[in-house]
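Step one of this worksheet: look at the structure below.
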Amino acid sequence: MASYFCPCPRGMEAALAEELGEIAQLPGSTLKVHNQVPGGVHCSGSLEDSYRVNLHSRIASRVLMRMAAGGYKNENDIYDLTLEQPWEEWFGTDHTIRVDITAVKSPLKSLEFTTLKIKDAICDRFRDMYNKRPSVNTREPDMRIVGFLDQHQYIVYLDTSGEALFKRGWRDETGDAPLRENLAAGLLRVSGWKPGVPLFDPMCGSGTILCEAAQMVQGIPPGARRRFAFEKFHDFDPQPWMDMKTAIKPNPLPAEPTIFGSDISGDMVAMTRHNLRSAGILFDVPLKQIEAQQVQAPTSTPGIMLTNPPYGERIGVRGDSSLGEDELATTFYSAFGTTLKQRFAGWTAFLFTADLGLPKLLRLKEARKTPFFNGALECRLFRFDMVAGFNRREEAKPKAPQ
């Protein structure tokens, strides 16, 4: 049994642990989910379990296999522990490598120097054994080695994923500041959305939320269309991997649309349409070019609205360019808040934003706010319960004297 660490966007640890628990129920799995820590989840299982997580996890950023862990006082301790590991059992001198390091409260002065020591240890082991060493390729390496340092301990991992898992293999077009796919998937899970429930993104941008949801509806695993680093490991047996992929059974296509999107930009609507096709979506996802303030509920059955609204300059496309950014935002969100109250009774609206003052701009009281990080950017997922009769009650309130 190997130990694994699955990093994820900060704030998504509980959602990832829940998802890994579901993957652990798949036929043949021996996966065990252990503790959550800030930025990821520890788990353990067979090598084939790492294939399974790479194939099925929508929220993990990578699947890292632990090679070794130990205490350290300086860079030489890190070098020695790295040198002892049997790297040659996993890859050879013909593979290219890249080393990355993450540190929390490490006393070491230079992470750059520490990264170099890890790389030197791996290369020195190969040189001692074969008189040859792997080359470094920081852009498209065959193998990624990841070091983690806290105050006292060094852990070194071999990455089984290769490219980050949010790179699903379908996206070749993005809008400004696209939401990462694994963050979008995590937001869908946290919102409580499930296939069959109406979903609407009124500011869909390049369609990340819609593509993730549509793949879930269709039963397409996120890793079905890409390659992984474990396929280049020595002794990789392709048969279990092929069996895993062959076992995927797509869901029946929905008879009626349940996923809907819109955006003010025709280019974004076209890009979303293109991305849905690239993601292998075979059913209709109705899309409209329309301002968010003017949207209507797309179904008579209330559902979930989930959107990553624009901020800063991105709001500029939505109004009078002679107005300042703050004034534009106030006008835009005030109008959007009115739309929610008037046209989305019974819906649950989730807005993911770095603007912590958003409820005030919408003139709505959030039912819940959950902190997340989009990269280094602190964000909130605000939940608004648009209760039926909301607007009528607002109108019935006595007006303040003029």
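The values are calculated or read from the model by the stated rules, or taken from the named source; none is laboratory data. Quick caveat, the model's predicted, so the values are computed rather than measured. Ideal geometry is used to build each Cβ from the backbone, glycine not excepted, and the neighbour counts take in all protein chains shown. We work out accessible area using only protein heavy atoms, side chains counted, and drop any ligands, DNA or RNA first. Shrake-Rupley method; radii C 1.70, N 1.55, O 1.52, S 1.80 Å.
What to note about this one:
- Subset of the stretch 50-92 (residues that are within 30 Å of Thr208 (Cβ to Cβ) and part of a strand (DSSP E or B)): Leu64, Met65
- Residue ID - surrounded by the most Cβ atoms within 10 Å (Cβ to Cβ), chosen from residues in the stretch 190-232 that are at pLDDT below 95 and within 18 Å of Thr307 (Cα to Cα): Gly205
- Whether a residue is in contact (Cβ under 8 Å) with a residue 60 or more places away in the chain, of a type in the set (Phe, Trp, Tyr) and more than 19 Å from Asp159 (Cβ to Cβ) was assessed, and Tyr72 passes this test.
- Pairs linking a residue in the stretch 258-285 that is in a helix (DSSP H, G or I) to a residue that is modelled with pLDDT under 95 and open to solvent by 30 Å² or more (accessible area, probe 1.4 Å), with Cβ atoms under 8 Å and 6 or more positions apart or on different chains, are Met271/Glu173; Met271/Thr174; His274/Glu173; Asn275/Arg171; Asn275/Glu173; Ser278/Arg171; Ser278/Asp172.
- Residues of the stretch 341-359 satisfying the condition of being open to solvent by 50 Å² or more (accessible area, probe 1.4 Å) and either modelled with pLDDT under 95 or touching a Ser or Thr at 6+ places or on another chain (Cβ under 8 Å) (or both): Asp355, Leu356
- Residue that is farthest from the chain's Cα centre (by Cα), among those in the stretch 24-50 that are over 27 Å from Leu377 (Cβ atoms) and open to solvent by less than 10 Å² (accessible area, probe 1.4 Å): Gly45
- When Asp243, Asp235 are screened for being open to solvent by 10 Å² or more (accessible area, probe 1.4 Å), on the phi > 0 side of the Ramachandran plot and charged (D, E, K, R), only Asp235 passes.
- Residue within the stretch 78-85 that is buried (at least 19 other Cβ atoms within 10 Å of the Cβ) and within 30 Å of Gln218 (Cβ to Cβ) present: no
- Residue identified as closer than 30 Å to Gln85 by Cβ, surrounded by 17 or more Cβ atoms within 10 Å (Cβ to Cβ) and touching a strand residue (DSSP E or B) at 6+ places or on another chain (Cβ under 8 Å) among Asp150, Asp159: Asp159
- The listed residue being in a loop (DSSP other than H, G, I, E, B), without any contact (Cβ under 8 Å) to a residue 60 or more places away in the chain, in contact with a Phe, Trp or Tyr (Cβ under 7 Å, 6 or more places away or on another chain) and surrounded by 13 or more Cβ atoms within 10 Å (Cβ to Cβ), out of Pro302, Pro254: Pro254
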